[in-house]
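Scroll down for the structure; my scribbles are underneath it.
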Amino acid sequence: MRRMAALVFPGFQTLDYFGPIEMLGGFRDEIEVVTVAMTLDPVPSRHGQRIVPDRTLAESSDYELLFVPGGDSALDAAKDADFLGWIAETSAKAERVMAVCTGTIVLGMAGVLDGKRATTNKLDFNDTVHLAPNVEWVKQARWVQDGKFFTSSGVSAGMDMALAAAADLFGRAAADEMAEGCEYIWNDDPDHDPFAAMAGLV
């Protein structure tokens with residue numbers, strides 16, 4: 001059983017979080033999802049739904065898996081040194097680190113993606129990647145894997161990235177079965193990214 005720290009902060013993007021949680025949390029015998037936040041107070045998503053954290057950042061940084069969603073407010077959360085410090089410490093210990101959308105920028109700001117390939121939301125790409133200049137940002141990618149790090153483009157792309165991480169952990173057949181169980185058509189080609197062109201990046 002691997003414990004996955006699923007980080008939340010006020011204003012997190014709803015599908016960024018719950019899409020990958022649907023895919024990864026479905027492996028109930030292999031992954032225990034632990035919702036982590038700065039405090040134990042209910043945390044509102046961008047759309048107003050509130051989630052009750054299981055643990056605070058101060059309680060532990062020992063998790064086998066780390067998942068960071070995005071949202072416009074992610075960059076506000078990243079102004080907190082303790083927030084970034086916990087991400088850096090947890091990432092160093094984790095077997096796999098996953099992030100969606102601007103959550104990938106937060107990983108970059110924490111320094112854990114220095115020298116690594118990563119991608120992020122294409123609509124915000126040019127306005128955000130300068131915040132983590134030591135990352136090799138990939139303009140056209142649905143998701144990117146570099147070692148233990150999995151980063152994805154915006155919002156719905158997180159589900160494709162999560163299934164890729166599941167395939168890495170448990171095998172392709174298990175990931176395919178999870179996608180089928182969710183009646184989800186998995187975009188399993190990390191390079192298939194029409195949104196990069198739509199955003200004028202390529």
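A few remarks follow.
- Taking amide H positions as modeled 1.01 Å from N, with prolines and chain starts lacking one, the residues under 5 Å from Lys116 and 5 or more places away or on another chain are Glu136.
- Fraction of C-alpha pairs exceeding 11 angstrom in the stretch 1-43: 66 percent, rounded to a whole number.
- Protection proxy ranking of 176-185, 131-140 - average other beta-carbon atoms within 10 Å, highest first: 131-140, 176-185
- Close amide H contacts of Ile31 (hydrogens built in the peptide plane, cut-off under 5 Å, sequence separation of 5 or more or a different chain): Arg2.
- When the alpha carbon gyration tensor of the chain is reduced to an equivalent ellipsoid, the three semi-axes, largest first, read 22, 21, 16 Å.
- Using distinct alpha-carbon pairs, which all enter the 1/r mean, Kirkwood radius of the stretch 40-96 in Å: 12.5
- Reported value for the stretch 22-142: 118 Å³ per residue, from the convex hull of its C-alpha atoms.
- Rounded to the nearest 0.05, the FRET efficiency derived from the C-beta distance between Asp189 and Asp62 at R0 = 25 Å is 0.15.
- Directionally averaged shadow of the stretch 109-202, computed from the convex hull of its alpha-carbon atoms, nm²: 6.1
- Database remark: amide H of Phe150 closer than 5 angstrom to the amide H of Val97, Met98, Ala99 (H placed geometrically; neighbours at sequence offset of 5 or more, or on other chains; Pro and chain starts carry no H).
Bear in mind that the values in this text are calculations on the coordinates, not laboratory data. Values in this document were obtained by computation on a predicted structure and should not be read as measured data. Heads up, the Cβs are rebuilt from the backbone with ideal geometry, glycines too, and the neighbour counts pull from every protein chain shown.
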